[in-house]
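To start, the structure itself, in C-alpha cells.
The values are calculated or read from the model by the stated rules, or taken from the named source; none is laboratory data. Fair warning: this is a prediction, and the values are worked out from it, not measured in the lab. As a convention, Cβ positions derive from the backbone with ideal geometry for all residues, glycine included, and neighbour counts pool all protein chains shown.
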Amino acid sequence: METKIYEENEIAAAAQKIKEGELIAFPTETVYGLGANALLPESVAQVFKVKGRPSDNPLIVHVTDFQQVLPFVDKIHPLAEKIVEKYWPGPLTLIFSIKNGVLPAVVTGGLSTAAFRMPDNKKTLSLIKESGVPLVGPSANTSGKPSPTTSEHVYHDLKGKIAGILEDGATAIGVESTVLDLSDPTKAPLILRPGAVTKEDLEKELQTTINVDKHLVKESETPKAPGMKYKHYAPDTKVLMVKSEDWPAALAWIKDKKIRAGVIAGPQIAEQMRYDTAAVYMYPQDTVDAAAKGLFAGLRALDESWIDLDVILVEVFPETGLGTAYMNRLKKAAAQNYFQPTAEEN
Ligand code: TXA
Ligand code: MG
C-alpha cells in the first residue's frame, strides 16, 4: 500500500479514506495519532494490527466537541462540563463511564469506560468533521517505539501499512495528553497518565483535590490505564538520566573510559559535552517545555544514528508542572536508570 502525505487542501480526500475504513495518521498538539473510524470494528482492529499493539490496551476516541461525546456517556461527572469548558480543545483526555454497546469492544478493550479527547489542531478537527464519525487515535508509532512528533516519524514506522498521513510539521508539546479518570461521579478526578495539563493546573482551576494513580507514585502498584504498564520505549542503546550536578562526573567518565556517548540536552549542557561526545541532540532552550518537545525526537535520532553509541545521556528536570510528564516518559525510556557518579561506571 502506498502511504500518501495529505496536505491541508486534501483533507476531504483523507476523510474519504477514513469513510472507506482506511487508516490516516493525524497531527495533534501532543503527538501524531493513528486515525480510524471508531465505530467500525474492522478498522479499529487494523489499528492494533499495524501498530503491533496489545489488544487489552484501549484507545482514545477523538472528537470535535463535547456534544459528540454525550451520546456515549452513561454517568456524567459533576466536574465534567467545567473541565471541558476550560481545557478542550487541549492535551487532556477524559475517561467516562459509557452505555452498554455504544462503542465496539475493540475500542475499549471490553471496559465499561472509554477515553475521549478533543485535540487542539485545526486540520485534525476538520478531518474528524469531514469524516462524520469520531476517530480512534493511539500514538502513530509502532508499539515499543517513542510516540511520533513529526510526520517523518510516522512514515518511518508505518509506511506501506496505512493509507496516509495528514501533514502538519512538528507537534507543539511532544508528550502525550494527560489522562484524567472521571468515570465515577462520586469520586475526585484521578490522573492516570501525566501530561501538559498538570495536577497543579487542575487543582487551581477547579479548587478541588485531584488524585494521582498510585502507580505513578509507587512502582509496585498496577496502573489503572492499561497502557501505562507497558514499557514505552526500549532503545537498543542504554539510556541513563543525568542529574544536573552530575554532568561533570559524566563527562570525566566518558573521557576516561572512551565511551561513545550521545547526549540529549538543552544548550547549556550540550555545549559542555559536545567535544567529547559522539552525537548530540540539542533542543533549542534550557526549559522543560523544550525538553518535552524534543525528547522523543532525540531518542529516535540517537538510537537510529549510524554511529553505534554505547550510551545515551539525558538531562533530567524537577518533577513539577510539565516536568512530571517529561520525567514519567524519560524514566520509562531509561528503565529508571540514573548515571551514578560513584558506581563502577565512573
Ligand atoms: O496525546 C495523546 O493522548 C495521543 C494523541 C494522538 O491524542 N494519543 C495517545 O494514545 O497517546 P495512546 O493510545 O498511545 O494512549 C492512550 C492511553 C493508554 O495509556 C490507555 O491505556 C489509556 O489511554 N486509556 C484508554 N482508554 C482507557 C480507559 N477506558 N480507562 C483507562 N485508561 C484508558
Ligand atoms: Mg502510545
*Considering residues of the range 30-42 that are under 23 Å from ILE98 (Cα atoms) and either surrounded by fewer than 22 Cβ atoms within 10 Å (Cβ to Cβ) or within 8 Å of ligand 1 (Cβ to nearest atom) (or both) only, the residue nearest to the chain's Cα centre (by Cα)*: GLY33
_All positions within the range 111-134 that are among the small types (Gly, Ala, Ser), part of a loop (DSSP other than H, G, I, E, B) and in contact with a helix residue (DSSP H, G or I) (Cβ under 9 Å, 6 or more places away or on another chain)_ = GLY132
_Search result, residues across the range 1-29 that are surrounded by 22 or more Cβ atoms within 10 Å (Cβ to Cβ) and over 14 Å from LEU125 (Cα atoms)_ = TYR6, LEU23
*Of the numbered conditions (1) surrounded by 18 or more Cβ atoms within 10 Å (Cβ to Cβ); (2) within 14 Å of ligand 1 (Cβ to nearest atom); (3) free of Cβ contacts under 8 Å to residues at least 24 places away in the same chain, LEU182 fails exactly one; give the number of that condition.*
(3)
*Would you mind telling me which numbered condition in (1) more than 16 Å from ligand 2 (Cβ to nearest atom); (2) buried (at least 21 other Cβ atoms within 10 Å of the Cβ); (3) assigned to a helix (DSSP H, G or I) GLU200 fails?*
(2)
_Against the conditions (1) charged (D, E, K, R); (2) over 30 Å from ALA12 (Cα atoms); (3) within 16 Å of ligand 2 (Cβ to nearest atom); (4) assigned by TED's automatic domain parsing to the domain that holds GLY33, where does GLU176 fall short? Just the number, please._
(2)
_One residue from THR277, THR287, THR237, THR222 being within 16 Å of ligand 1 (Cβ to nearest atom) and of a type in the set (Ser, Thr, Tyr)_ = THR222
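Return the only residue of PRO194, PRO189 being in contact with a strand residue (DSSP E or B) (Cβ under 8 Å, 6 or more places away or on another chain), closer than 16 Å to LEU79 by Cα and more than 11 Å from ligand 1 (Cβ to nearest atom).
Just one listed residue meets the conditions, PRO189.
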_Matching option when the condition is surrounded by 21 or more Cβ atoms within 10 Å (Cβ to Cβ) and acidic (Asp, Glu), among GLU304, GLU315_ = GLU315
*Counting only residues that are assigned to a strand (DSSP E or B) and of a type in the set (A, V, I, L, M, F, W, C), which one in the range 173-183 is farthest from the chain's Cα centre (by Cα)?*
LEU180
_I'm trying to understand the selection: among the residues of the range 305-334, which are more than 17 Å from the chain's Cα centre (by Cα) and either in a helix (DSSP H, G or I) or touching a residue at least 60 places away in the same chain (Cβ under 8 Å) (or both)?_
LEU309, ASP310, VAL311, ILE312, LEU313, VAL314, GLU315, VAL316, THR320
*Identify all residues within the range 135-172 that are part of a loop (DSSP other than H, G, I, E, B), within 16 Å of ligand 2 (Cβ to nearest atom) and in contact with a Pro (Cβ under 6 Å, 6 or more places away or on another chain); write none if there are none.*
ALA140, ASN141
*Here are LEU103, LEU125: which of them is within 12 Å of ligand 1 (Cβ to nearest atom) and either more than 13 Å from PRO27 (Cα to Cα) or not hydroxyl-bearing (Ser, Thr, Tyr) (or both)?*
LEU103
*strands (runs of 3 or more DSSP E) enclosed by the range 218-293 - at least 2 residues per element that are more than 16 Å from ligand 2 (Cβ to nearest atom), closer than 30 Å to SER55 by Cα and touching a residue at least 60 places away in the same chain (Cβ under 8 Å)*: 238-242
_touching a helix residue (DSSP H, G or I) at 6+ places or on another chain (Cβ under 6 Å), within 16 Å of ligand 2 (Cβ to nearest atom) and of a type outside the set (Phe, Trp, Tyr): is that true of GLY195 in this structure?_
yes
*Take the range 305-344 and flag every residue that is acidic (Asp, Glu), over 22 Å from VAL31 (Cα atoms) and out of contact with any strand residue (DSSP E or B) (no Cβ under 8 Å at 6 or more places or on another chain).*
ASP308, GLU344
*asked:* Only one of SER143, SER151, SER126, SER131 is within 21 Å of PRO41 (Cα to Cα) and at pLDDT 95 or above. Can you tell me which?
replied: SER131
